[in-house]
There are 2 protein chains.
Amino acid sequence: MKDLIPEDMTAWAIARDVNGGTRRALDVLEATQAVIAAREPEVQAFAFYDPRIARAQAEAGPIGPLAGVTVTVKDVIATRDMPTGHNNARYAGQGTGVDAACVDTLRSAGAVILSKSVTTEFAATDRGGKTRNPHDLARTPGGSSSGSAAAVAAGMAAIGLGTQTGGSTIRPASFCGVWGWKPTWGVISREGLKLYSLTCDTLGLYARDLGDFNLLADVYDLDPAPRPSSLSGLRIGVVRPPLWDRVEAPMRNALDTASAQLASAGAVVEDVTLHDDFAALDAAHGTILMREGRAAFLNEARARDDLHADFVAMVANAAGITPEDARAAYRTADLCRARADDLLAGYDAVIAPSACGEAPRGLDKTGDPSMNSFWTLLSVPVVSVPAFTGPSGMPMGISVITRRYADRTALAVAGLSAKVVGGAIA
Amino acid sequence: MKDLIPEDMTAWAIARDVNGGTRRALDVLEATQAVIAAREPEVQAFAFYDPRIARAQAEAGPIGPLAGVTVTVKDVIATRDMPTGHNNARYAGQGTGVDAACVDTLRSAGAVILSKSVTTEFAATDRGGKTRNPHDLARTPGGSSSGSAAAVAAGMAAIGLGTQTGGSTIRPASFCGVWGWKPTWGVISREGLKLYSLTCDTLGLYARDLGDFNLLADVYDLDPAPRPSSLSGLRIGVVRPPLWDRVEAPMRNALDTASAQLASAGAVVEDVTLHDDFAALDAAHGTILMREGRAAFLNEARARDDLHADFVAMVANAAGITPEDARAAYRTADLCRARADDLLAGYDAVIAPSACGEAPRGLDKTGDPSMNSFWTLLSVPVVSVPAFTGPSGMPMGISVITRRYADRTALAVAGLSAKVVGGAIA
């Protein structure tokens with residue numbers, strides 16, 4: 001599908017043309033609005049969209065590294081001129097008057113903040129929203145950043161902002177066939193994002209071209225890191241995270257295929273053996289989310305009687321998490337983060353599945369985050385490359401991962417990989 | 001000074017009377033407003049105060065565990081009906097339309113959200129604001145939660161909300177002679193607080209009576225923990241944190257006096273020897289704040305040219321923090337947090353200074369946080385007991401600390417300690 005969207009609608013091409021004077025931001029916006037008119041009725045990616053708000057920004061003649069670049073913002077991220085609804089009745093139509101820091105930075109760079117995109121409730125459940133997968137309207141786009149992934153995949157925005165606490169950015173990227181990037185924890189401000197887990201919540205990004213992520217890495221001031229220019233001689237590890245038994249055959253085949261393709265391109269590819277300590281990470285992730293979610297949703301539970309049972313249970317500590325459990329979970333996470341730093345220092349990057357398989361049928365659930373939570377709790381950057389097509393014709397992504405702060409290395413290796421990795425998996 | 005404020009203006013007494021029908025919330029508010037009229041012109045604790053906003057809440061007849069309790073909110077914490085100015089020109093008079101989670105929870109409990117209180121800029125500098133110490137107008141109240149500490153000390157609100165990233169809650173509590181509580185990291189939502197450091201930012205609380213903190217512990221759903229009813233036989237450690245050479249003689253004497261007083265009351269008091277690893281914690285705190293602050297203030301630096309040099313330097317990474325530095329700092333913090341869990345498990349509580357000494361003269365600077373950052377980075381709960389008076393007649397607090405999630409134990413031990421600890425230090 002992304003092949004059907006003109007390359008001149010990528011962020012880097014838009015910014016190049018608007019800054020060069022060969023296109024106006026308004027022309028870009030009008031072309032985008034034509035796509036929205038065609039696709040939004042079936043994809044339903046947007047939680048809020050008022051064409052006048054976008055038009056006013058485009059008409060103002062934006063300048064900067066993202067001049068004229070259209071951005072859709074997950075509806076748990078605050079925007080000063082659009083409501084932030086969190087897919088929750090209490091916040092429907094509710095404005096905040098202040099941009100989230102990540103949005104503020106994009107505005108300063110000349111971006112056009114176009115729309116709010118559908119999220120699962122508070123970005124903290126796997127209950128699907130209204131959004132459909134642009135590649136097959138009967139399938140979930142993944143979640144919780146459902147709308148941003150689907151909108152970028154359908155060409156309705158150049159860039160999508162999402163969040164990830166478990167697998168909420170990378171899994172939808174895989175399901176929708178777009179580039180996804182969960183940066184290192186803490187390098188892009190989370191101010192103005194609905195809070196679920198301080199330890200895990202991370203801004204996520206979507207684009208249809210890796211070059212757009214390189215632009216965003218500059219705008220968001222990511223740390224310098226080596227950017228290899230060839231796969232030849234790169235040390236690439238292949239990771240099969242805990243919960244590997246949940247990965248379906250097509251994704252296993254995709255990972256094997258990617259490994260072989262990277263090796264053929266000259267990379268030194270080897271399977272990574274994980275220390276036994278990592279086996280405890282998934283349970284630690286669950287414990288930390290339950291404990292932090294209990295604090296995060298307390299005010300919602302106190303303010304109203306109709307909060308969904310998912311959140312009421314978290315606030316009531318239905319899982320029975322004790323202080324001892326919490327201390328032990330943080331200790332596991334801390335230990336594994338240090339181990340991951342050491343392990344990943346031995347590779348230029350590692351690869352792993354971006355999801356368990358193709359997007360499942362149905363919109364009730366957003367799919368299985370088992371291949372994502374592991375990396376989220378480790379704080380490391382993950383870039384999902386939209387490389388493969390599964391047996392149902394749906395996209396499947398491969399994640400490229402490095403140690404903390406080496407996001408630019410992950411982006412570079414992902415870009416090199418995209419040139420040789422991919423294909424149709426039977 | 002707190003002895004001059006009637007006990008019936010504590011939170012627990014207000015809530016008892018309003019719920020019992022013996023006082024109206026409006027009566028409480030009017031009595032509070034009389035104090036404000038008398039003291040605010042000299043103390044200057046408030047960044048925003050509109051008596052009509054408070055009056056509307058009191059007239060509505062609040063019910064709940066904090067019915068009628070007046071609360072002043074540090075001006076980096078979002079309030080739906082008052083601006084949140086951050087002591088920064090860009091945000092002056094700027095509303096958010098949504099309460100911070102911690103404020104929302106207080107409203108649901110019946111509290112009257114009275115005012116916004118002065119903060120240092122973005123709660124992230126030691127440049128003083130306009131607020132004066134109610135005990136000596138020529139001295140700083142401490143910071144960054146300057147206004148909330150001073151307002152509670154002067155009787156202008158029953159409860160004050162602050163934040164702590166280094167020593168921004170506990171130090172002002174010590175300087176202003178009020179109870180201060182920095183809860184365990186993560187147990188009270190930080191949503192709606194200006195972001196500086198995800199790793200360290202914590203909501204802080206002020207009151208004039210320990211009973212008020214016990215009420216707040218219920219309202220904020222703190223974890224159950226042992227609550228001893230006698231000092232007899234309690235194991236109390238005495239900690240002299242790294243940077244001890246910055247502690248002035250009066251505070252050293254106060255700590256020694258407190259130790260002796262606790263021992264006389266039957267506690268088993270012993271000096272704690274800190275593992276050598278803890279010596280690296282202060283530098284790790286600095287590195288983490290520089291790295292996280294760089295991300296936190298990026299949007300401010302991009303949006304305008306007149307940002308204070310403090311923040312410009314942080315965004316420009318003037319400190320030259322490398323990814324390796326950051327990884328090492330997090331590793332140190334993680335290691336020490338696990339060590340602290342183990343160490344503190346051996347005591348019912350430990351005590352330490354709440355500041356280096358009395359509040360310094362002058363309003364330019366808010367004082368030295370060296371006795372606070374250590375505990376902040378360890379994520380542990382700290383309760384400052386307003387126990388001593390120094391040679392200049394200024395208050396000095398002693399901190400009671402436990403391991404993570406044992407806030408209720410820290411509160412109980414602090415309450416028991418307050419009965420036997422204190423006095424005038426020559």
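The values are calculated or read from the model by the stated rules, or taken from the named source; none is laboratory data. Note that the structure is a prediction, hence the values are computed from the model and not measured. Ideal geometry is used to build each Cβ from the backbone, glycine not excepted, and the neighbour counts take in all protein chains shown. With ligands, DNA and RNA removed, areas are computed over all heavy atoms of the protein, side chains included. Shrake-Rupley method; radii C 1.70, N 1.55, O 1.52, S 1.80 Å.
Pick out the long, greasy-scoring helices in chain B: whole DSSP H runs spanning 18 Å or more along their own axis by Cα, mean Kyte-Doolittle at least -1.0. Write down the numbers at each step before the final one.
Working: long enough: B:25-43 (26 Å, 0.49); B:249-264 (22 Å, -0.03); B:281-296 (21 Å, 0.03); B:323-344 (31 Å, -0.65); B:407-420 (20 Å, 0.67).
Result, helices passing both filters: B:25-43, B:249-264, B:281-296, B:323-344, B:407-420.
Post the alpha-carbon centroid distance, region A:51-87 to region B:199-229, in whole angstrom.
41 Å
Calculate how large, on average over all directions, the projected area of the Cα convex hull of the protein assembly as shown is; give the answer in nm² to one decimal. Please report the intermediate quantities before stating the final value.
Values: hull surface 130.2 nm².
Average of the hull's projected areas for the protein assembly as shown equals 32.5 nm².
List the residues, sorted by chain then number, that are 5 or more residues from residue B:139 or on another chain and whose placed amide H is less than 5 Å from its amide H.
Correct list: B:133, B:362.
Which of A:232, A:181, A:153 sits closest to the plus end of the dipole of region A:152-278, meaning its Cα is farthest towards the positive end, when Lys and Arg get +1 and Asp and Glu get -1 on the C-beta?
A:153
Ignoring any ligand, DNA or RNA, what whole percent of the accessible area of chain B comes from carbon and sulfur when the probe is 1.4 angstrom?
For chain B, the apolar C and S fraction of the accessible surface comes to 52 percent.
In units of 2.2 N^0.38 Å, what is the alpha-carbon radius of gyration of chain B? Mind dumping the intermediate values first?
Details: Rg = 20.1 Å, N = 426, 2.2 N^0.38 = 22.0 Å.
For chain B, the normalised Cα radius of gyration is 0.92.
Given springs between every Cα pair under 10 Å in a Gaussian network model of chain B, which of B:158, B:316, B:355 has the largest fluctuation?
B:316
Let me cross-check residue A:375: its accessible surface, 1.4 Å probe, with only protein heavy atoms counted, in Å² to the nearest 10?
10 Å²
Restricting attention to the alpha-carbon atoms of region B:283-358, what are Rg (one decimal) and Dmax (integer), both in Å?
Final numbers for Rg and Dmax: 17.0, 52 Å.
Which entries in A:74/A:365; B:116/B:194; A:130/B:194 show an alpha-carbon gap greater than 23 Å?
Working: A:74/A:365 18 Å; B:116/B:194 14 Å; A:130/B:194 32 Å.
Over 23 Å Cα-Cα: A:130/B:194.
Using the beta-carbon distance between residue B:81 and residue A:245 and R0 = 51 Å, what value does 1/(1 + (r/R0)^6) give for FRET efficiency, to the nearest 0.05? Intermediate results must be reported in sequence, preceding the final value.
On the way: r = 52 Å, r/R0 = 1.03.
Plugging the Cβ-Cβ distance into 1/(1 + (r/R0)^6) gives 0.45.
Take every residue in peptide A:83-95, count the Cβ atoms of other chains within 10 Å of its Cβ, and give the average of those counts. Don't skip to the end; give the middle numbers.
Details: counts 1, 2, 0, 0, 0, 0, 0, 0, 1, 0, 0, 3, 4.
Average per residue, whole number: 1.
With both partners inside the protein assembly as shown, how many of the DSSP beta bridges are antiparallel, as a percent to the nearest 5? Present the calculation step by step, with values, prior to reporting the outcome.
On the way: 58 of 94 bridges.
Here the antiparallel bridges make up roughly 60 percent for the protein assembly as shown.
How about region A:316-341: which of its residues lose at least 50 Å² of accessible area in the presence of all protein chains relative to their chain isolated, using a 1.4 Å probe?
Hits at the 50 Å² cut-off: A:323, A:327, A:330, A:331, A:334.
Output the residues of region A:372-417 meeting this criterion: accessible area (heavy atoms, 1.4 Å probe) in the chain alone minus accessible area with all protein chains in place is 40 Å² or greater.
Buried by the other chains: A:403, A:404, A:405.
Apply the a/c threshold of 1.5 to the C-alpha gyration tensor of region B:280-426 and tell me whether it is rounded, prolate or oblate. List each step's numbers first, then the result.
On the way: a/c = 2.83, a/b = 1.45, b/c = 1.95.
Since a/c reaches 1.5 but b/c is at least a/b, the shape of region B:280-426 is classed as oblate.
What's the buried accessible area, both sides, between B and A using a 1.4 Å probe, rounded to 100 Å²? Mind dumping the intermediate values first?
On the way: alone 15510 and 15540 Å², together 26440 Å².
By this definition, chains B and A bury close to 4600 Å².
Just round it to a whole percent: the fraction of Cα-Cα distances in region B:274-323 exceeding 17 Å.
On the way: 496 of 1225 pairs.
In whole percent, the share of Cα-Cα pairs in region B:274-323 beyond 17 Å is 40.
Could you work out [θ]222 nm for the protein assembly as shown from helices alone, using -39500 (n - 2.57) per DSSP H run of at least four and dividing by all its residues? Round to the nearest 500 deg cm²/dmol.
Details: 28 runs with 313 residues, N = 852.
The helix contribution divided over the protein assembly as shown gives -11000 deg cm²/dmol.
With springs only between Cα atoms under 10 Å, which of A:266, A:128, A:147 fluctuates most in a Gaussian network model of chain A?
A:266
Report the calculated FRET efficiency for residue B:275 and residue A:59 (r = Cβ-Cβ distance, R0 = 60 Å), to the nearest 0.05. Provide the component values of the computation, followed by the final result.
Details: r = 62 Å, r/R0 = 1.03.
The computed FRET efficiency comes out at 0.45.
Using the heavy atoms of the protein chains and a 1.4 angstrom probe, tell me the accessible area per residue for chain A in square angstrom.
Working: 13230 Å² over 426 residues.
About 31 Å² of surface per residue is accessible.
At a cut-off of 30 Å², which residues of region B:198-223 become less accessible once all protein chains are present than in their chain alone, using a 1.4 Å probe?
Residues of region B:198-223 that lose at least 30 Å² of accessible area once the other chains are added: B:198, B:221, B:223.
Viscosity 1.306 mPa s, temperature 10 °C: Stokes-Einstein D of region A:1-50 from its Kirkwood Cα radius, in µm² per second? Could you put the intermediate results ahead of the total?
Working: Rh = 12.0 Å.
Taking Rh from Cα pairs, D becomes 132 µm²/s.
Output the relative contact order of chain B, whole-number percent, from Cα pairs under 8 angstrom with separation of 6+ residues.
On the way: 1039 pairs, mean separation 76.7, N = 426.
Rounded, it is 18 percent for chain B.
Going from most exposed to least, what order do A:368, B:276, B:104 have by accessible area with a 1.4 Å probe?
Values: A:368 50, B:276 130, B:104 10 Å².
Correct descending sequence by accessible area is B:276, A:368, B:104.
On a full-extension model of 0.36 nm per residue, what is the gain between residue B:34 and residue B:365, subtracting their alpha-carbon distance, rounded to one decimal in nm? Don't skip to the end; give the middle numbers.
On the way: separation 331, 0.36 × 331 = 119.16 nm, distance 2.99 nm.
Here the segment from residue B:34 to residue B:365 would lengthen by 116.2 nm.
Compute the Cα gyration tensor for region A:348-416, then decide on rounded, prolate or oblate, letting a ≥ b ≥ c be the square roots of its eigenvalues: rounded whenever a/c is under 1.5, prolate when a/b is larger than b/c in the other cases, and oblate in all that remain. All intermediate terms of the calculation are to be shown ahead of the outcome.
Details: a/c = 3.20, a/b = 1.59, b/c = 2.01.
Oblate, since a/c reaches 1.5 and b/c is not below a/b.
What is the ratio of the Cα radius of gyration of region A:2-219 to 2.2 N^0.38 Å, where N is its residue count, to two decimals?
Details: Rg = 15.3 Å, N = 218, 2.2 N^0.38 = 17.0 Å.
Ratio of Cα Rg to 2.2 N^0.38 Å: 0.90.
On a full-extension model of 0.36 nm per residue, what is the gain between residue B:94 and residue B:345, subtracting their alpha-carbon distance, rounded to one decimal in nm?
Separation in residues times 0.36 nm, less the Cα-Cα distance, equals 85.8 nm.
Along the charge dipole of the protein assembly as shown, which of B:164, B:114, B:423 sits closest to the positive end, that is, farthest toward it, with unit charges on the beta carbon of Lys, Arg, Asp and Glu (+1, +1, -1, -1)?
Result: B:114, furthest along the dipole toward the positive end.
If the viscosity is 0.692 mPa s and the temperature 37 °C, what translational diffusion coefficient in µm²/s does Stokes-Einstein give for region A:80-204 when Rh comes from Kirkwood over Cα pairs?
Numbers: Rh = 14.6 Å.
Estimated diffusion coefficient is 225 µm²/s.
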